[in-house]
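The values are calculated or read from the model by the stated rules, or taken from the named source; none is laboratory data. No experiment lies behind these values; they were computed from the predicted model shown. Note that each Cβ is placed from the backbone with ideal geometry, even for glycine, and that neighbours are counted across all protein chains shown. Please note that ligands, DNA and RNA were not included when accessible areas were found on the heavy atoms of the full protein model with its side chains. Shrake-Rupley method; radii C 1.70, N 1.55, O 1.52, S 1.80 Å.
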Amino acid sequence: MNRRDDPNPHDDQVNSFSDPPKKETELLNWESDLNRREKDIKRREEAVAGAAIPEDDRNWPPFFPMIHHDIANEIPVHVQKLQYSAFASWLGLVLCLVFNVIAVIVCWIQGGGVKIFFLATIYALLGVPLSYVLWYRPLYRAMRTDSALKFGWFFLFYLIHLGFCIFASIAPPIVFNGRSLTGILAAIDVFSDHGLAGIFYLVGFGLFCLESLLSFWVLQKVYTYFRGNK
């Protein structure tokens, strides 16, 4: 009987001793490949984030550049119309707050008191930059990078913006008889004492109403786009 053909009882032991190093090497290679892929993904994300918007490249408004804004070149074509609508919403808020100050000044001159002027000025000085930073800029970046986090940030603060516009269009007599905002209740109240100021307040009321409607439409369209894009 040829014993050479008999299985070596030590073969299994040899293989058992040789397999762990091999598996360990494969595991290390797999881990190295995984780390490489993670770094590659992170590098791509950082590249996208870094290329988002050069903050120091101020180009708007053209006569006195204060912010960077370039929808035509930075926002995908299929959402540019929606981004322009959101920009119109932000400009509408700026108009509402500035006209609100003007109307309150007229009321102040006609004897409405200086406190409402200070409040209206605070609304404008805080509302314009905060609205840009808290909801318009996040939407701008979200449209460009398709970031769910940026969309969430936009929805949160845009709802606050919409709530403020609705509140301002009503102007309930909560703060200084509501005359610091040109809502309908304030307009009625002012009209009884100061006719000219009342006319300004009615115009302001109309502007806040239009801004509320536009903001609601923009919110609905952005939400529809966000849901459909996910």
Can you confirm whether Gly92 is closer than 14 Å to Leu219 by Cβ and either among the charged types (D, E, K, R) or free of Cβ contacts under 8 Å to residues at least 24 places away in the same chain (or both)? no
Of the residues that sit in the stretch 195-213 and are surrounded by fewer than 19 Cβ atoms within 10 Å (Cβ to Cβ) and either closer than 17 Å to Ala124 by Cβ or touching a residue at least 60 places away in the same chain (Cβ under 8 Å) (or both), which one is farthest from the chain's Cα centre (by Cα)? Leu196
Identify the residue in the stretch 174-191 that is on the phi < 0 side of the Ramachandran plot and modelled with pLDDT under 85 and, among all such residues, is surrounded by the most Cβ atoms within 10 Å (Cβ to Cβ). Val175
Does Asn15 fit the bill of being at pLDDT 55 or above and surrounded by fewer than 11 Cβ atoms within 10 Å (Cβ to Cβ)? no
Could you check, for the stretch 142-155, whether at least one of its residues is at pLDDT below 95, at positive phi and open to solvent by 30 Å² or more (accessible area, probe 1.4 Å)? yes
Every residue in the stretch 97-113 that is at pLDDT 95 or above and open to solvent by 60 Å² or more (accessible area, probe 1.4 Å), please. Val98, Ile102
If Pro138 passes every condition in (1) more than 19 Å from the chain's Cα centre (by Cα); (2) open to solvent by less than 20 Å² (accessible area, probe 1.4 Å) but one, which one does it miss? (1)
Given the criteria modelled with pLDDT of 95 or more, in a helix (DSSP H, G or I) and surrounded by 18 or more Cβ atoms within 10 Å (Cβ to Cβ), does Trp90 qualify? yes
